[in-house]
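First up is the structure itself, then whatever we jot down about it.
The values are calculated or read from the model by the stated rules, or taken from the named source; none is laboratory data. Values in this document were obtained by computation on a predicted structure and should not be read as measured data. Because the Cβ atoms are built from the backbone with ideal geometry, glycine has one as well, and the counts that use them run over all protein chains shown.
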Amino acid sequence: MSMFKWVEVDPAPGTPVLPHERLPWGKTFGMGAQHVVAMFGATFVFPIVMGLDANLAILFSGICTIIFLLITQNRIPSYLGTSAAFVASVSAIRLQGGTSAEVTGAILVGGLVLALIGVLIHFMGARVLHAVLPPAVTGAVVMLIGFNLAPVVAGVYWPQDQWIALITATFMVFAAVVLPGFWSRIAVFLSLIFGYLVSFFADKIFGPITSVLGGATEATEHDRVSWALVEKADWIGLPSGKLADGVSVVHAPDFKLSFILVVLPGVIALIAENTGHVKAVAEMTGENLDPYMGRAIGADGIATAFASAFGGSPTTTYAENIGVMSATKVYSTAAYYVAAGVAIFLGLCPKFGAIVNATPGGVLGGITVVLYGMIGLVGAKIWVENRIDFGDPVNMVGLAGGIIAGIGGVKLTFTDDFVLEGIALGTIMVIVYFHMVNRRRGPGAGQVTEALSHKE
């Protein structure tokens with residue numbers, strides 16, 4: 001049977017619709033639109049905080065979703081939205097003076113590495129992955145990636161409008177936990193709309209605010225919401241213009257070794273995300289998708305490299321869309337082709353992109369303070385789900401140094417042009433220390449943990 005011949009079904013609500021099936025096209029379009037809404041908030045927030053173009057990210061999210069579906073032979077329903085795995089690395093590159101071209105160049109290499117890992121897993125099996133990156137190590141790396149972003153929130157977004165940030169963060173926590181069903185799964189999107197509206201009315205009631213805008217060095221008086229660029233933008237056209245650092249929105253990547261090393265830890269997070277996605281889909285559909293694990297990881301790597309080659313953002317499979325499938329029981333890949341088509345259409349609307357890029361800094365501060373914390377806590381979730389025992393000194397001591405080095409921004413200087421720091425150094429320390437003590441335990445290893453516990 002052709003990949004593009006879905007069996008049409010129209011079961012009662014709650015009855016599963018499998019990947020090779022589809023609802024009537026009208027309902028399939030509705031499901032596709034629902035997936036666009038679910039991925040939308042995070043997909044354009046992360047490009048903005050990385051200093052890349054949100055409109056281009058939306059466009060490539062659609063293209064890359066199609067690439068993923070083709071490589072996985074329509075067996076794994078998934079939407080590829082913008083990945084948060086590289087946000088901390090990009091922040092570190094920006095702080096070291098890196099340009100947008102060097103950012104996308106580093107991410108492109110990260111995508112190629114991920115694609116290569118996917119090929120290895122496809123031919124050698126997942127055992128290779130688990131041997132090098134056991135859950136204890138993966139959880140630690142994901143944790144330090146998320147928590148490394150705390151200074152970005154505190155130093156860049158939150159100060160732009162602290163009260164809007166606090167109100168937005170409060171709403172996001174409420175929406176994600178208290179709202180029912182599908183609404184809680186699009187909490188980021190709802191928080192963006194809410195924060196945007198609060199900022200608009202704050203301008204009308206309280207007038208302009210004086211603060212330091214992102215990328216500026218001095219405080220200026222400005223409106224929270226400015227649509228000056230929205231009015232000038234065309235309705236239809238390719239993403240264009242300049243990014244904040246003067247690099248063209250669509251640009252060729254540039255490569256620098258020290259920056260490439262900074263982004264490689266993000267590959268570990270992408271492996272964890274894709275692995276979890278495939279396992280979740282397999283559990284929901286009742287199908288054995290292990291033979292497609294390598295394809296899924298490799299497809300995400302190829303998609304990330306492809307998007308970065310044109311200045312786009314990195315991609316990953318989205319938990320938000322897993323939530324939609326869980327709620328609706330519709331796993332049809334046809335719906336994802338519709339979602340991809342809608343995203344491509346939105347990406348070709350510059351006016352829509354200008355509206356996205358006009359998101360107030362305070363709103364981003366409120367959203368990112370929650371999102372970044374959630375990224376870090378995913379690492380803890382990996383530990384809990386895999387029952388990592390921190391009474392074992394291999395886990396306690398083997399991971400401790402790398403986590404602190406990564407989160408604290410510790411530096412290891414080799415030359416003026418080559419410095420390992422933050423996430424890159426922390427990840428190397430986590431992997432090396434863990435495997436060093438895991439393979440060869442010292443005779444008094446347990447005494448270290450015992451000594452620590454006696455001091456508490």
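What the table shows:
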| read-out | value |
| --- | --- |
| Any hit, segment 49-59, residues being at pLDDT 90 or above and touching a Cys at 6+ places or on another chain (Cβ under 8 Å) | no |
| Where Ser89 falls short, out of the listed (1) modelled with pLDDT of 90 or more; (2) buried (at least 24 other Cβ atoms within 10 Å of the Cβ); (3) in a helix (DSSP H, G or I) | (1) |
| Candidate set from segment 45-80 (those that are of a type in the set (Phe, Trp, Tyr) and under 17 Å from Ala309 (Cα atoms)); member that is surrounded by the fewest Cβ atoms within 10 Å (Cβ to Cβ) | Phe68 |
| Only one of Phe40, Phe46, Phe29 that is touching a residue at least 12 places away in the same chain (Cβ under 8 Å), in a helix (DSSP H, G or I), in contact with a Ser or Thr (Cβ under 8 Å, 6 or more places away or on another chain) and not β-branched (Val, Ile, Thr) | Phe46 |
| Within segment 253-277, considering residues that are of a type in the set (Gly, Ala, Ser) and either over 14 Å from Gly379 (Cβ atoms) or touching a helix residue (DSSP H, G or I) at 6+ places or on another chain (Cβ under 6 Å) (or both), the one surrounded by the most Cβ atoms within 10 Å (Cβ to Cβ) | Gly266 |
| Verdict on Phe171 being under 22 Å from the mean Cα position of the chain (by Cα) and at pLDDT below 85 | no |
| Leading residue by the ranking (modelled with the lowest pLDDT) among those in segment 147-161 that are part of a helix (DSSP H, G or I) and in contact with a Gly (Cβ under 7 Å, 6 or more places away or on another chain) | Val156 |
| Verdict on Gly426 being surrounded by 18 or more Cβ atoms within 10 Å (Cβ to Cβ), touching an Asp or Glu at 6+ places or on another chain (Cβ under 9 Å) and at pLDDT below 90 | no |
| Test: residue in segment 28-37 that is within 13 Å of the chain's Cα centre (by Cα) and at pLDDT 85 or above | no |
| Selection from segment 92-105 of residues that are over 24 Å from Met39 (Cβ atoms), assigned to a helix (DSSP H, G or I) and in contact (Cβ under 8 Å) with a residue 40 or more places away in the chain | Ala92, Ile93, Arg94, Ala101, Glu102, Gly105 |
| Segment 122-135 residues that are free of Cβ contacts under 8 Å to residues at least 40 places away in the same chain, paired with ones that are part of a helix (DSSP H, G or I) (beta carbon under 7 Å, 6 or more apart) | Val128/Leu120; Val128/Ile121 |
| Per-region count, segment 4-22, residues part of a strand (DSSP E or B) and farther than 13 Å from Thr285 by Cα | 3 |
| So Ser78, is it under 30 Å from Lys329 (Cβ atoms) and among the hydroxyl-bearing types (Ser, Thr, Tyr) | yes |
| Residues that are at pLDDT below 85 and either touching a Cys at 6+ places or on another chain (Cβ under 6 Å) or not in a loop (DSSP other than H, G, I, E, B) (or both), drawn from segment 224-257 | Ala228, Leu229, Val230, Glu231, Lys232 |
| So Thr359, is it hydroxyl-bearing (Ser, Thr, Tyr), touching a Phe, Trp or Tyr at 6+ places or on another chain (Cβ under 8 Å) and either surrounded by 15 or more Cβ atoms within 10 Å (Cβ to Cβ) or modelled with pLDDT of 85 or more (or both) | yes |
| Residue check for Ala176: out of contact with any strand residue (DSSP E or B) (no Cβ under 7 Å at 6 or more places or on another chain), among the aliphatic types (A, V, I, L, M) and either over 14 Å from Thr359 (Cβ atoms) or loosely packed, with under 14 Cβ neighbours inside 10 Å (or both) | yes |
| Test: residue in segment 405-412 that is of a type in the set (A, V, I, L, M, F, W, C), crowded, with 21+ Cβ neighbours inside 10 Å and at pLDDT 90 or above | no |
| For Val153: the one exception among (1) under 21 Å from Tyr372 (Cα atoms); (2) surrounded by fewer than 23 Cβ atoms within 10 Å (Cβ to Cβ) | (2) |
| Subset of segment 121-140 [crowded, with 16+ Cβ neighbours inside 10 Å and assigned to a helix (DSSP H, G or I)] | Ile121, His122, Leu129, Pro135, Ala136, Val137, Thr138, Gly139, Ala140 |
